[in-house]
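Undergrad: Handing you this structure, nothing more for now.
The values are calculated or read from the model by the stated rules, or taken from the named source; none is laboratory data. Bear in mind the structure is a predicted one, so any value in this text is a computation, not a measurement. Glycine gets a Cβ as well: all are built from the backbone with ideal geometry, and neighbour counts include every protein chain shown.
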């Protein structure tokens, strides 16, 4: 495990007027550069735990270390400027422009104006929003997904080593959520921030986490491990129940489309002539051709019947391509898209939407088989290890 | 003497009285706003203090104005401007304080939480985030207070206060003579006109100062 960026030692929180503590004696280390997910049933204290890291909730007892420094009693406002904070409702300031929103912490830190301007533009680019178009808008003019992007940009503004994210994608529609999750993972692969991420959704935890802490009541850690180990070797009945019965389906959330060899599919460009395309299609033995536009982006599925029909342009016939995934998508996402597609495959595109290959049921089956075997092997070696621990005493 | 004859002979005096009327209201509502904003800011996060402040300022509004003027004079404030300004300030407190509290409590908690989470201190959060977002509601309270004060200021003539109330009281005293009615009418209509003008000014101010980017805006 890399050096701990955040260390919580024996943290306890009692709220006034409540008999039971909300968090009792929690000790947890978050390694630098990793996403650690706090997941658990509602009311388990996961949000309280996270809010103690930037001291929005002051711990009753225990200590908090950030980069090795005890920050339990330092100035809370100054501490918070070193920690990015993203919440579900985003909380953009509605009376300030996108620029002013993102510039909040740099201004608190008294950065010079040109540096702030450059940083805001850089961040808007980073989250995929054109600075010249969005800089001067107000939050009300943005969609939910765009607001959350600005929320992430705002949290990153002073380049803090640590980010806290409280169900950041919880209030967003499923399609946008998936896209934001994938974008965020792509960002994180470049930024390597240390992230504490709270969610109640085990699927999101498995997808986003390098490490997952499954919490039960009072923020007691039921298991703190990698997603692979949690799925293949749940520590106890509570974890097993929390994962749910479909562990093998969930394991598909661990594998990314980009990690597998994609299948080539016969493609066609819009200016090709039909008899040649028909011949290609027959030779390929597939049921349909994938029509790409001039930029290489998938447009239509063309079946033999569509190619024989004269008249309408190629881009007007056939079926729309609606099952698209990016390399960061999980196999579970791909499977879901596949089930929506009339052709039975998901088309893989890069960030610009350019076709790179397809993924089909065969890839999923093979991946599931491999994962099942390695999970089995992992739990066997886990068993062997715990046997070895026990045997000297036996 | 008819109304028009009266007006054509005395319009300069009437305008001076109307100006005084507007000034005494504006001065009082400004002082009242300062006090009420402080009260609202000091109490909005404490339910008990909040209800005490609203209770006390609410009681203020139930005291009949003639009684309050009399009381203030007997407390040694003398005649003329001082008792009128003090009374008007007291009457302005409830609407402005209540709207300040309502406005501040109406700010989305997610917004204040994210401000706090980014390291904005208590005071900065209040000045940069909460008050600007609550401002349209606060200003609406100021408009209500102004409308109330314009009427109450007219009664200030009873303690020799400034403004158009003078015409009304003089007119009512002389209703038997032909000079009475034009005086009373001029005073009454003048008060209404001053009220409308001040409201128009405040509405313009609301439009000018409404936080940009916030939907819902200001309604006339």
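Undergrad: Got a sec? Which of A:162, A:127 is in contact with a strand residue (DSSP E or B) (Cβ under 6 Å, 6 or more places away or on another chain) and either at pLDDT below 95 or more than 25 Å from residue B:126 (Cα to Cα) (or both)?
TA: On inspection, the qualifying residue turns out to be A:162.
Undergrad: From the list A:213, A:235, pick out the single residue that is in contact with a strand residue (DSSP E or B) (Cβ under 7 Å, 6 or more places away or on another chain) and more than 23 Å from residue A:169 (Cα to Cα).
TA: Numbers: A:213 fails: more than 23 Å from residue A:169 (Cα to Cα).
Exactly one residue qualifies, and that residue is A:235.
Undergrad: Separate question: Could you check the stretch A:84-117 and list, in sequence order, the residues that are facing chain B (nearest Cβ under 10 Å) and assigned to a loop (DSSP other than H, G, I, E, B)?
TA: Within the stretch A:84-117, A:88, A:89, A:90, A:91, A:92, A:93, A:94, A:95, A:96, A:97, A:109 meet the criteria.
Undergrad: Moving on. Just one of A:184, A:169 is in contact with a helix residue (DSSP H, G or I) (Cβ under 6 Å, 6 or more places away or on another chain) and under 19 Å from residue A:35 (Cα atoms); which is it? Write out each step before concluding.
TA: Values: A:184 fails: in contact with a helix residue (DSSP H, G or I) (Cβ under 6 Å, 6 or more places away or on another chain).
Unique residue meeting the criteria: A:169.
Undergrad: Where in the stretch B:73-158 are there helices (runs of 4 or more DSSP H), lying fully within it, with 3 or more residues that are within 14 Å of chain A (Cβ to nearest Cβ)? Break it down into steps so the answer makes sense when it comes.
TA: On the way: elements: B:81-105, B:109-117, B:122-125, B:131-154.
The qualifying helices (runs of 4 or more DSSP H) are B:109-117, B:122-125, B:131-154.
Undergrad: Ok, one more. Tell me which residues, restricted to the stretch A:339-359, are surrounded by 15 or more Cβ atoms within 10 Å (Cβ to Cβ), farther than 30 Å from residue A:129 by Cβ and in contact with a helix residue (DSSP H, G or I) (Cβ under 7 Å, 6 or more places away or on another chain).
TA: A:345
Undergrad: Further question: Report yes if some residue within the stretch A:171-193 is more than 14 Å from chain B (Cβ to nearest Cβ) and touching a strand residue (DSSP E or B) at 6+ places or on another chain (Cβ under 6 Å); otherwise report no.
TA: Start the filter on the stretch A:171-193 by keeping residues that are more than 14 Å from chain B (Cβ to nearest Cβ), which leaves A:172-193.
Adding the requirement that they be touching a strand residue (DSSP E or B) at 6+ places or on another chain (Cβ under 6 Å) leaves A:193.
Scanning the stretch A:171-193, I find at least one residue that is more than 14 Å from chain B (Cβ to nearest Cβ) and touching a strand residue (DSSP E or B) at 6+ places or on another chain (Cβ under 6 Å), so the answer is yes.
Undergrad: While we're on this one: Might you check whether a residue that is at pLDDT below 95, within 25 Å of residue A:154 (Cβ to Cβ) and surrounded by fewer than 14 Cβ atoms within 10 Å (Cβ to Cβ) occurs anywhere in the stretch B:48-58?
TA: No, the stretch B:48-58 contains no residue that is at pLDDT below 95, within 25 Å of residue A:154 (Cβ to Cβ) and surrounded by fewer than 14 Cβ atoms within 10 Å (Cβ to Cβ).
Undergrad: Counting only residues that are within 14 Å of chain B (Cβ to nearest Cβ) and either assigned to a strand (DSSP E or B) or in contact with a strand residue (DSSP E or B) (Cβ under 8 Å, 6 or more places away or on another chain) (or both), how many does the stretch A:59-83 have?
TA: 5
Undergrad: Residue by residue through the stretch A:223-236, note down the ones that are buried (at least 17 other Cβ atoms within 10 Å of the Cβ) and in contact (Cβ under 8 Å) with a residue 24 or more places away in the chain.
TA: A:224, A:227, A:229, A:230, A:231, A:232, A:233, listed by residue number.
Undergrad: Please find, among A:314, A:331, the residue that is within 14 Å of residue A:253 (Cα to Cα) and either modelled with pLDDT under 85 or crowded, with 22+ Cβ neighbours inside 10 Å (or both). Give the steps one after another, and end with the answer.
TA: Values: A:314 fails: within 14 Å of residue A:253 (Cα to Cα).
One residue alone meets the criteria, A:331.
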